[in-house]
1. Is it the case that the range 109-124 has a residue that's assigned to a helix (DSSP H, G or I) and modelled with pLDDT of 90 or more?
2. Out of the range 24-35, which residues are surrounded by 14 or more Cβ atoms within 10 Å (Cβ to Cβ) and not hydroxyl-bearing (Ser, Thr, Tyr)?
3. Among the residues of the range 5-15, are any of a type in the set (D, E, K, R), at pLDDT below 95 and within 15 Å of Ile127 (Cβ to Cβ)?
4. Look through Leu69, Leu59, Leu81, Leu87 and report the one residue that is of a type outside the set (Val, Ile, Thr) and within 20 Å of Gln122 (Cα to Cα).
5. Could you please find all residues in the range 43-67 being hydrophobic (A, V, I, L, M, F, W, C) and either exposed (fewer than 13 other Cβ atoms within 10 Å of the Cβ) or more than 17 Å from Leu7 (Cα to Cα) (or both)?
6. Could you please tell me which pairs satisfy a Cβ distance under 6 Å, a separation of 6+ or placement on different chains, a first residue in the range 59-75 that is small (Gly, Ala, Ser), and a second residue that is modelled with pLDDT under 95?
Amino acid sequence: MGIDYGLARTGLAISDPEGRLVFPVTTLRMADYVNRKAFLAALATKIVAEGAEAVVVGLPLLDDGTDSLSTRQVRNAVARLQRRVSLPFFFMPELLSSEEAWIDLREAGLKRSKRHSVLDQQAAVRILSSFLALSPEVRQRQTL
């Protein structure tokens, strides 16, 4: 499963068992939950319900490769998820994934209002697709 984690919205994507095709799943909105703990519990439940074998989370690094506040927030959320879900977790650097996802959706002909509703899912598709394109040796270096 691929995750584009955000403080307001989190997009999810899955791949077929062979890892050849990646599909958007859903967007979870933080505002739909009473607090962050409930949100992370729902996210963990969704990961398990989708039958994920591993989780790839986009890591929003700065242009120079260093951590930002967003990076630390993602790392903290993943640490909490790892306590709930017994699967391997991987980080995938995500430079411009949302911007590229926006372009993908525009080129697919989606109207602006529809693009907003699926943007985070498409960013998760890009994150997971990028990870699956890596060689197995490089993937292992992305593990937590």
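1. Of the residues in the range 109-124, the ones assigned to a helix (DSSP H, G or I) are 112-124.
In the following step, the residues that additionally are modelled with pLDDT of 90 or more were identified as 124.
Within the range 109-124, one or more residues are assigned to a helix (DSSP H, G or I) and modelled with pLDDT of 90 or more.
2. Let us first name the residues in the range 24-35 that are surrounded by 14 or more Cβ atoms within 10 Å (Cβ to Cβ), namely 24-28, 30, 33.
The answer is Pro24, Val25, Leu28, Met30.
3. Taking the range 5-15 as the starting set, the residues that turn out to be of a type in the set (D, E, K, R) are 9.
If we keep only those that are at pLDDT below 95 as well, we get 9.
After this cut, where a residue has to be within 15 Å of Ile127 (Cβ to Cβ) as well, the list is 9.
Yes.
4. Details: Leu69 fails: within 20 Å of Gln122 (Cα to Cα); Leu81 fails: within 20 Å of Gln122 (Cα to Cα); Leu87 fails: within 20 Å of Gln122 (Cα to Cα).
So the residue among Leu69, Leu59, Leu81, Leu87 that is of a type outside the set (Val, Ile, Thr) and within 20 Å of Gln122 (Cα to Cα) is Leu59.
5. Start the filter on the range 43-67 by keeping residues that are hydrophobic (A, V, I, L, M, F, W, C), which leaves 43-44, 47-49, 52, 54-57, 59, 61-62.
Once the filter is applied, which keeps residues that are hydrophobic (A, V, I, L, M, F, W, C) and either exposed (fewer than 13 other Cβ atoms within 10 Å of the Cβ) or more than 17 Å from Leu7 (Cα to Cα) (or both), the range 43-67 yields Ile47, Val48, Ala49, Ala52, Ala54, Val55, Val56, Leu62.
6. Partner pairs satisfying both residue conditions: Ser68/Leu62; Ser70/Pro60.
The values are calculated or read from the model by the stated rules, or taken from the named source; none is laboratory data. As the structure is a prediction and not an experimental result, all values here were calculated from the model. Quick reminder, even Gly has a Cβ in these numbers, built from the backbone with ideal geometry, and neighbours come from all protein chains shown.
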